[in-house]
Structure formats: C-alpha cells, structure tokens
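Down below is the structure, laid out as structure tokens.
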Amino acid sequence: MTARFDVNCDLGETPLPWLGSHEPELMSLITSANVACGGHAGDAESMRAVCVAAVQHGVAVGAQVSYPDRPNFGRVVLDMHAAALDESLEQQLLELAEIARAAGTRVSYVKPHGALYNTVVTHDAHARVVVDLAARHGLALFGLAGSNTDTLAQQCAVRFVGEWFADRGYLQSGHLAPRSRSDALITLPGEIHRRVVRLVREGVVDTVDGAAITITAATMCVHSDTPGAADLLRAVRTALGETGVIVRAP
C-alpha cells in the first residue's frame with residue numbers, strides 16, 4: 001500500500017443552511033471534498049459555501065455527480081438512456097465548475113454518488129458516461145478499483161483513484177454491503193481506527209460475510225451523513241498518523 005492517502009468526504013448534502021450544519025467541522029479533517037452538485041442534493045448556495053471553505057482549508061474540490069433523483073437522494077438506480085445521463089451529469093459538473101472558479105479553486109476530480117457509484121461497477125453504458133465525463137474535462141475519477149470504471153478509465157487515459165470507504169461494510173465480492181443490512185455502516189471510532197490501520201499495514205479489509213479481501217486504494221471516504229462523522233474522521237486521521245501515512249489530495 002502507498003505511504004500516502006487522501007481523505008475524502010461527501011459535502012453539501014445537508015438540508016440545513018451549510019454554515020449552520022455539522023458539515024463545516026468536517027472540512028478541517030479531510031483533503032478532498034466531494035461536492036453534491038444538484039443531482040441528489042446541493043444547490044448553488046451550498047456549492048458556493050463548500051468551495052469557499054475548501055479554499056480556506058486547502059482542500060481539493062471534486063464533483064459528486066449522481067442520478068438526477070433528489071427525492072431518493074440518488075440511492076435508487078435509474079434506467080436512464082446513456083445520452084440523458086450524460087446530459088444530466090454534464091450540467092451538474094458545469095454548474096459546480098463555474099462556482100468553484102468564482103471561489104478561487106477548480107474541480108479536480110469526479111466521483112459518482114450512491115446508486116450511480118454502485119451501478120457503474122458493472123454497468124457498461126453508465127460506466128462509459130462517467131468515464132467520458134472525466135475524460136472530456138481532463139479530471140481524475142474516484143471509484144472502486146477493478147471495476148468497469150477503472151478498466152475504462154485506463155483505456156481512455158483518465159487518472160483513476162481507487163477508493164475505500166472507512167465507514168461502510170464490504171461483501172466478499174469487494175462490493176459495498178447494501179444499506180438495507182444492519183452492518184452496512186461502521187459507526188464506532190475504535191472500529192474505524194482498527195480498519196484503517198489494517199488497511200494501511202496489510203492492504204486487507206474484513207467483510208461482513210466473514211472473509212478478508214485485498215483492497216487497492218489511494219483515497220478513503222467517510223460519509224458526512226454517517227452518525228458521528230466528525231469523530232470517525234478523527235479516528236481515520238489518528239490511525240493514518242500512527243502508521244506514518246502522509247495525508248494529502250491525490
């Protein structure tokens with residue numbers, strides 16, 4: 001495993017005014033901010049607030065694009081034609097890019113959200129849309145190592161950044177455990193610390209179905225809506241510090 005890691009978090013997802021929410025506290029604990037850009041959550045005001053804070057903290061900005069489905073928070077797979085999905089993701093990215101420039105920063109990567117993230121692991125057409133989006137704008141792409149997006153990114157000369165979710169359970173297949181499972185979320189800081197140390201030292205993660213799998217990753221995520229997200233991110237940073245990892249954007 002690399003001696004460097006990025007720490008990312010999904011931001012701009014709160015229904016509250018951003019500065020009045022718990023999310024600003026998370027900014028000082030991360031190196032990359034996945035900014036919700038209207039598909040599943042977020043609006044111009046929240047995007048602007050997150051980008052301004054990212055500049056203040058020296059945090060990289062990424063476009064967290066998703067299926068256009070705010071009622072379901074982007075967590076339901078939509079049977080969209082590739083052209084329609086491409087148009088939606090392009091609009092999401094362009095809006096964030098304009099706001100980021102005005103705030104004095106730029107979008108440096110793309111990360112799919114929710115159902116889109118899981119779908120593009122195996123869905124060729126939607127994976128192609130996501131990879132083409134990153135390629136068209138010269139951006140890196142965050143995703144699951146070994147997935148369709150990883151393979152397509154290599155073919156399209158898109159820099160792919162393998163990701164691991166510190167606060168999510170994994171299946172033996174290497175996929176995320178469905179959120180319908182009671183063990184899908186990891187919410188204890190001590191367990192997060194243990195998982196991060198094992199990942200860094202051994203490149204291994206224990207799964208919810210009793211296996212241990214090898215993970216290739218250069219960035220790790222804690223979701224902002226996971227209970228106790230700030231404490232979980234502190235556990236991540238403590239574990240990375242104890243294992244001698246340099247923490248910075250990829």
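Values quoted throughout were computed directly from the atomic coordinates according to the rules given, and no laboratory measurement underlies them. Everything numeric in this text was worked out from a predicted model, so none of it was measured. Backbone-built Cβ (ideal geometry, glycine too); neighbour counts: all protein chains shown.
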Scope the stretch 162-176; condition among the hydrophobic types (A, V, I, L, M, F, W, C) and crowded, with 19+ Cβ neighbours inside 10 Å; matching residues
164, 165, 166
Considering every residue within the stretch 77-98, establish whether at least one is hydrophobic (A, V, I, L, M, F, W, C) and either within 23 Å of residue 169 (Cα to Cα) or touching a residue at least 60 places away in the same chain (Cβ under 8 Å) (or both).
yes
Need at least 1 residues that are free of Cβ contacts under 8 Å to residues at least 60 places away in the same chain and touching an Asp or Glu at 6+ places or on another chain (Cβ under 6 Å) per element, so show me which strands (runs of 3 or more DSSP E) inside the stretch 147-250 make the cut, counting only ones lying wholly within it.
160-165, 212-214
Looking only at the stretch 1-39, count every residue that is over 18 Å from residue 219 (Cα atoms) and in a helix (DSSP H, G or I) and tell me the total.
6
Against the definition (touching a residue at least 40 places away in the same chain (Cβ under 8 Å) and outside any loop (DSSP other than H, G, I, E, B)), how does residue 54 come out, yes or no?
yes
May I ask you to verify whether residue 119 is out of contact with any helix residue (DSSP H, G or I) (no Cβ under 7 Å at 6 or more places or on another chain) and farther than 24 Å from residue 26 by Cα?
no
Counted residues, the stretch 74-93 - those being assigned to a loop (DSSP other than H, G, I, E, B), surrounded by fewer than 17 Cβ atoms within 10 Å (Cβ to Cβ) and not aliphatic (A, V, I, L, M)
3
For the stretch 9-29, check the following and say yes or no: at least one residue is acidic (Asp, Glu), more than 23 Å from residue 90 (Cα to Cα) and either surrounded by fewer than 24 Cβ atoms within 10 Å (Cβ to Cβ) or touching a residue at least 24 places away in the same chain (Cβ under 8 Å) (or both).
yes
Scanning the stretch 141-158 for residues that are aliphatic (A, V, I, L, M) and buried (at least 21 other Cβ atoms within 10 Å of the Cβ), the one farthest from the chain's Cα centre (by Cα) turns out to be 152
Qualifying position, being more than 18 Å from the chain's Cα centre (by Cα), touching a residue at least 12 places away in the same chain (Cβ under 8 Å) and on the phi > 0 side of the Ramachandran plot, among 104, 42, 74, 114
104
